[in-house]
Amino acid sequence: MYYIQESDKPVLVARIFNLLEIIEDKIILPVNSREDIDNKRAFILAKRIKRILDKTGCKSIILSKYLKKQENFLELLKGYKINIIDGRWLFSVLSSKVLDYVVEKEKLKKEETNVSILVNSADDYIIQNIKNIISTYKSVNIVTTNLGKFKKLEKDILEKEGTMITINNNKKKSLARSKIILNVDFTNGEINKYNIPDEAIIVNLKGNVEINKKRFNGLNINDYEITFENFEEFDYDKSKLYFQKDIYEAMLYKKQPYEYIERKINRDKVKVIELIGRRISL
């Protein structure tokens, strides 16, 4: 895997000829963070990165914070089918910790907070997080178009935990009492079909969801950041230029059972430190 970043002071010759520098696991581009990458340069740089990845057999990359904002460059890399690690998978794995962070920041009480979970399909990580949430929050409501699948979960939780949860898909009433809405996989079009409380806090695990309701004055969260311990090396560039969520996600083996991932997260003391939405952060 390669880390791809800008140069602090790109050499003039490198800038003129768009020369890439490879230092260990980093590819350094001849651009700096005080400029935007124009379309011509973006095309050349993306093509040369693809050539390096093909030659080395590398399948995944992490982009610096600056490069993630260069949309033309980003789209070209995606067009080459390059796997750009973005922390989205980890966001789902951390969803119960994310809710705890919201509750702490907003000074809410778990026993008085109504949580709604918007989910149509769920892997083991999401199911386990849903169970964690149900075990700590008094009122949990699952909203889904896949009622049959989650009715089985409802029955399982009732039998094993003695806890009753609500599962429905009423677009007018499902979210009426929700203070926090955890959106696992509803698209922009799907979520906007529902009647959303004006002051709700929405956390979109897939990101890039906008609420079209004009009276909505709550928080719409699309991104996050973390800290963690047990980083084996201290690298100034990696600690400052990159999102820690991306670095940590790259360290995880995604096919491990949930309990293994959970133990590692706890051992590494992973902590949510910021939730980010349009024009706001929490």
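Each reported figure results from applying straightforward, stated rules to the coordinates on display, with no laboratory input. Here the structure is a predicted model, which is why all the values come from computation and not from measurement. For neighbour counting, all protein chains shown are included, and Cβ atoms are generated from backbone atoms with ideal geometry for every residue, glycine included.
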Notebook entry, point to check: Relative contact order, percent, of segment 2-84 when contacts are C-alpha pairs under 8 Å separated by at least 6 residues?
Noted result: 34
Checklist line | Rounded to 10°, Cα long-axis angle of helix 39-56 versus longest principal axis of the chain | finding: 90
Next item on the list: Sort K152, K97 so that the residue with the fewest other Cβ atoms within 10 Å of its own Cβ comes first and the one with the most comes last.
Entry: K152, K97
Next item on the list: Quickly work out the R177-to-D25 label distance, labels modelled 7 Å from Cα along the C-beta direction, and quote it in nm with one decimal.
Entry: 4.8
Check: Relative to the present Cα-Cα distance, how much length would full extension add between A250 and T227 at 0.36 nm per residue of separation?
Finding: 6.9 nm
Notebook entry, point to check: So for S139, S174, S33, fewest C-beta neighbours within 10 Å to most, what's the order?
Noted result: S33, S139, S174
Margin query: How far apart, in nanometres, would the label points at R278 and Y258 be if each is projected 7 angstrom from Cα along the Cα-to-Cβ direction?
Written below: 3.2
Next item on the list: Rounded to whole Hz and in sequence order, give me ³J(HN,Hα) for segment 186-199 from the Karplus expression 6.51 cos²θ - 1.76 cosθ + 1.60, θ = phi - 60°, writing x for Gly and Pro.
Entry: 6, 7, 4, x, 5, 5, 6, 7, 9, 7, 9, x, 4, 10
Checklist line | Net dipole in debye of segment 190-282 [+1 Lys, Arg Cβ; -1 Asp, Glu Cβ; about Cα centre; nearest 20] | finding: 420
Next item on the list: State the dimensionless ratio Rg/Rh of segment 7-74 (Rg: radius of gyration of Cα atoms; Rh: Kirkwood radius).
Entry: 0.92
Note to self: Can you tell me which lysines have their Cα less than 22 Å from the Cα of K69? Leave out same-chain residues fewer than eight positions away.
What the structure shows: K9, K26, K40, K47, K50, K59, K78, K81, K206, K238, K240, K245
Next item on the list: Express in % the proportion of alpha carbon pairs of segment 134-282 at distances exceeding 17 Å.
Entry: 71
Check: Nearest 10 degrees, 0 to 90: what angle lies between the long axis of helix 147-161 and the longest principal axis of the chain (Cα atoms)?
Finding: 70
Check: Quick one: putting +1 on the C-beta of Lys and Arg, -1 on the C-beta of Asp and Glu, what dipole do you get for the chain around its Cα centre, in Debye to the nearest 20?
Finding: 880
Check: Roughly what angle does helix 258-267 make with the longest principal axis of the chain, taking Cα atoms, 0 to 90 degrees, to the nearest 10?
Finding: 70
Checklist line | Gyration tensor (alpha-carbon) shape descriptor, segment 77-146, a/c threshold 1.5 | finding: prolate
Check: In the chain, how does Rg compare with the Kirkwood Rh, expressed as the Rg/Rh ratio over alpha carbon atoms?
Finding: 1.02
Next item on the list: May I ask for the distance between the Cα centers of segment 84-151 and segment 171-205, given as a whole number of Å?
Entry: 13
Note to self: Rounded, prolate or oblate, given the Cα gyration tensor of segment 85-210, with a/c below 1.5 counting as rounded?
What the structure shows: rounded
Next item on the list: Note down the relative contact order for the chain as a percent, whole number, built from C-alpha pairs under 8 angstrom at least six residues apart.
Entry: 15
